[in-house]
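One structure below.
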Amino acid sequence: MRTSNPALNDKVFDLGRSTGNVMTINGTVNRTGILLCLLMFTAIFSWDRAYSAVDPGELYPWLIGSGIAGFVVALITVFKKTAAPITAPIYAAIEGILLGILSAFYEMQFPGLVFQAILLTFGTLFALLMAYRSGVIKATENFKLGVFAATGGIALIYLTTFILSFFGVSIPYIHGSGTIGILFSLFVVVIAALNLVLDFDFIERGAERGAPKYMEWYAAFGLLVTLIWLYMEMLRLLSKLRSR
């Protein structure tokens, strides 16, 4: 329960100290930058495709396909960490296609929304990083447990919503633009942001334990998972606010 991010759970860095090149914080930062560049490159590509499409419906196969492919690659990365130097860039590229299309759909409906979501996502990232490094926010055991429980609850709600959608049933209020829906989205954004603190803590622990060098890619992958979640929740929250 040290982190609610499934890619960075308590056993991830339980690998013993490497005798060769080891994981460093700077190396993880560099790998994260590479993954973000790959994600943005493919996102721009799919964004252009979305805006140039005559019929937006033709993009749904890309949307569904990239979502499924990204999930499969993420599972491979989680269960075979040594493959992270290969699978993490693939995951970033696939998720870029997904986010590019989704962002274009939101932008068509609410102009300027995507830029706001990007600013808020990276602003939150750097603000929490500074707070973590300065000791303002500490990843104590109670803090980790609380974020873990909240994240699990959110995951359960989303899973229930997904299953009920097959039967034409939806959970009322939380997905609408009413007060309850906005408060729910705000809560999810806060929990997603707090997961970044836990990710920082685990990256630091991995470097301290002398994890193998390939774990830099794996840690960068885990951080990217949280950032993508945070960005998507920012889009949802802002769209609800704009709808009002």
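Remarks
- At 1.567 mPa s and 4 °C, Stokes diffusion of the stretch 71-158 via Kirkwood alpha-carbon radius, µm² per second: 80 µm²/s
- Of the residues L99, L39, L183, the one that moves most in a GNM of the chain with alpha-carbon contacts below 10 Å is L183.
- Size descriptor, Kirkwood hydrodynamic radius, that averages inverse alpha-carbon separations across the stretch 16-111, Å: 14.7 Å
- Given K80/K240; K81/K240; K81/K144, the pairs whose alpha carbons are separated by over 32 Å: K80/K240; K81/K240
- Semi-axes of the equivalent ellipsoid for the chain, Cα gyration tensor, largest first, Å: 30, 22, 17
- Burial order of peptide ranges 70-81, 208-219 (average beta-carbon count within 10 Å, highest first): 208-219, 70-81
- Comparing T161, T151, T87 in a Gaussian network model of the chain, where Cα atoms under 10 Å apart are tied by springs, the biggest mean-square fluctuation is seen for T161.
- Residue among L183, S170, G206 farthest towards the positive dipole end of the chain, charges placed on Cβ: G206
- As a ratio to 2.2 N^0.38 Å, the alpha-carbon radius of gyration computed for the stretch 186-244 takes the value 1.42.
- Per the Debye formula on identical point scatterers at the alpha carbon atoms of the stretch 141-228, with no solvent, log10 I(q)/I(0) at q = 0.11, 0.20, 0.22, 0.25 Å⁻¹ is -0.43, -0.99, -1.10, -1.23.
No lab work stands behind these numbers, since they all come straight from the coordinates. Just so it is clear, the model here is predicted, and its values are computed rather than measured. When we count neighbours, we look across all protein chains shown, and the Cβ atoms used for this are built from the backbone with ideal geometry, even at glycine.
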